[in-house]
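Enquirer: Below: one structure in structure tokens.
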Amino acid sequence: MKRFFCARHMVPPSSPFVVAAAHARRATSSPKRLTSRWTSNLKHHFSQLAYLGCLAIVMLISSGCEQSTRITAFDELSQFSLSTATITPTGIIAGSIDNGAAAHFNSTTEANFFWRTGGVNDSQQPVSAVALSADNNTAITASGSTLNLWDTQSGQSRHYLSAPATINAVAINPSGTRAALALDNKTAVVINLERGGIVQTWVHASPVLSVAINNKGVVLTGEEANAAHLWRLGVDEALVTQTHEDAVTLVAFDDSGDTAVTASRYDSVHFWQTAGKHETQYRISGKAMALKAGRRAVDIAFTAPNSVLVAFSDNTIEYRRFTQQTPIQRWALGKKTMLARENSTLIAIGQFKNSWRALMSDGRLYELGAL
């Protein structure tokens, strides 16, 4: 119970003295004095309302550049629940949780091939990673510790390889002769796809979660222990290490191989030079992401030098240029409903058939168009 203090004596609010004193004060207040007090209070409230109104207008104007274009029309690429995918100018490879992988080279609604992704004696496992070579001749699917190589012209399996541990990510070099694997046993390995066998092993401090390889024999890895490493084939030590504040779940190169991208779980996305002093070229701050629980970058595609599309786990996509910090354009995929289907997540972005597209885990393929 609240209590009033008068001099050094504590008086309950229900005391007759307090009630009488309050009535006395009201009785002795003149109408003019009451009117003046009411006018002053009214001015104060109007002042507060005006301030809040101006603040709302400023916030609305400042957030105008972040307004999203919502896209609801889509193609049904797959009826299965997808776990991973890659979208390239020549094809889309989509891996599912229970039904292998599908390859689309001509159409977004009809697959050219359906592939069983386990080994000869393996039961079907979720597809953890897929890749397609730049010459469109070789596709790779990974399930568990099994790596399958596919001929994209015939659809037949060339052979399968067993990795030393569970495969978390896979990348293939532009010529289709080498594959880099991110493994759960704290290593990254490079495999000769023509002859088989491991040609390079790099040891990490924690499970390796992401990997990329460029056309210059340089490999980029991201690990659970908040670090990304740049490696060169034939060299055992890392060329450079970039630290983050969380596990590095996404790495990539631009087409030239001169720019590296490293993105960590719920932290910032860094774009930096692979040569020279490895200086940071651009950064997408993770502070804004932290305001939205669980928002992280899930895929990145370069649209031109110093221009990128970044896909986020909240099903939004941002088009950015290194010359400005705010997005040029922003998309939101799907409708906001409570249906279970709407719980799907964005898993891949890329250009296919001269149009930029985004794929969801429930098989919906959205078209962003040309940029």
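Enquirer: Select, from A304, A332, A348, A293, the only residue that is at pLDDT 90 or above and surrounded by fewer than 13 Cβ atoms within 10 Å (Cβ to Cβ).
Expert: Among A304, A332, A348, A293, only A304 is at pLDDT 90 or above and surrounded by fewer than 13 Cβ atoms within 10 Å (Cβ to Cβ).
Enquirer: Looking at (1) surrounded by 20 or more Cβ atoms within 10 Å (Cβ to Cβ); (2) more than 21 Å from L220 (Cα to Cα), find the lone condition where S162 falls short.
Expert: With respect to (1) surrounded by 20 or more Cβ atoms within 10 Å (Cβ to Cβ); (2) more than 21 Å from L220 (Cα to Cα), S162 is out only on (1).
Enquirer: What's the number of the only condition in (1) surrounded by fewer than 22 Cβ atoms within 10 Å (Cβ to Cβ); (2) under 16 Å from S96 (Cα atoms); (3) of a type in the set (S, T, Y) that S143 fails to meet?
Expert: The number of the failed condition is (1).
Enquirer: At least 3 residues that are hydroxyl-bearing (S, T, Y) and over 22 Å from G196 (Cα atoms) in each: list the strands (runs of 3 or more DSSP E) lying fully within the range 69-180 that qualify.
Expert: 82-87
Enquirer: Any residue at all in the range 130-139 that is touching a Pro at 6+ places or on another chain (Cβ under 6 Å) and in contact (Cβ under 8 Å) with a residue 40 or more places away in the chain?
Expert: Yes, the range 130-139 contains a residue that is touching a Pro at 6+ places or on another chain (Cβ under 6 Å) and in contact (Cβ under 8 Å) with a residue 40 or more places away in the chain.
Enquirer: Within the range 147-156, take every residue that is of a type in the set (S, T, N, Q) and in contact with a strand residue (DSSP E or B) (Cβ under 6 Å, 6 or more places away or on another chain) and give me the one that is surrounded by the most Cβ atoms within 10 Å (Cβ to Cβ).
Expert: Looking at the filtered set, the residue picked out is N148.
Enquirer: Determine which member of the set R232, R195 is surrounded by fewer than 21 Cβ atoms within 10 Å (Cβ to Cβ), modelled with pLDDT under 95 and of a type in the set (D, E, K, R).
Expert: R195
So that you can scan it fast, the table gives a plain yes or no per residue for (1) under 26 Å from V251 (Cα atoms); (2) modelled with pLDDT of 95 or more; (3) within 26 Å of the chain's Cα centre (by Cα); (4) aliphatic (A, V, I, L, M):
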{"residue": "A101", "(1), (2), (3), (4)": "yes, yes, yes, yes"}
{"residue": "N112", "(1), (2), (3), (4)": "no, yes, no, no"}
{"residue": "R116", "(1), (2), (3), (4)": "no, no, no, no"}
{"residue": "G119", "(1), (2), (3), (4)": "no, no, no, no"}
{"residue": "S123", "(1), (2), (3), (4)": "no, no, no, no"}
{"residue": "V127", "(1), (2), (3), (4)": "yes, yes, yes, yes"}
{"residue": "T141", "(1), (2), (3), (4)": "yes, yes, yes, no"}
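Enquirer: Exactly one of (1) under 23 Å from T138 (Cα atoms); (2) surrounded by 15 or more Cβ atoms within 10 Å (Cβ to Cβ); (3) under 21 Å from the mean Cα position of the chain (by Cα) is unmet by H244. Its number?
Expert: If we test H244 against (1) under 23 Å from T138 (Cα atoms); (2) surrounded by 15 or more Cβ atoms within 10 Å (Cβ to Cβ); (3) under 21 Å from the mean Cα position of the chain (by Cα), just (1) comes out false.
The values are calculated or read from the model by the stated rules, or taken from the named source; none is laboratory data. Everything quoted here is computed from the prediction, not taken from an experiment. Note: ideal-geometry Cβ built from the backbone for every residue, glycine included; neighbour counts use all protein chains shown.
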